[in-house]
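The values are calculated or read from the model by the stated rules, or taken from the named source; none is laboratory data. All values derive from a computational prediction rather than experimental measurement. Here the Cβ positions follow ideal geometry from the backbone for every residue, glycine too, while neighbour counts run over all protein chains shown.
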Amino acid sequence: QVAEACLVPDEPKKTGSDRKLISLDQKHELRDWAGSFGCSEQQLREAVKAVGHSVEEVRRYPNKG
């Protein structure tokens, strides 16, 4: 489970640890990550709900795309 402190809104120009988590509250992130994973925004939401906000965990989730 993602610590509450990790759910701070993303800064689009920031790199590093900020890019290891997916924020569903940020429209640009939702769109960009869905495009990156080749899935719909709804599939991305379902993957995050199932495995958490970690990019690596979502990448391994089988039903996102």
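Annotations
- Residue in segment 18-64 that is surrounded by the most Cβ atoms within 10 Å (Cβ to Cβ), counting only those that are free of Cβ contacts under 8 Å to residues at least 24 places away in the same chain and basic (K, R): R45
One line per residue, one yes/no per condition, for (1) modelled with pLDDT of 90 or more; (2) within 16 Å of V58 (Cα to Cα); (3) among the β-branched types (V, I, T):
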site	(1), (2), (3)
E4	no, no, no
T15	no, no, yes
I22	yes, yes, yes
H28	yes, no, no
R31	yes, yes, no
E41	yes, yes, no
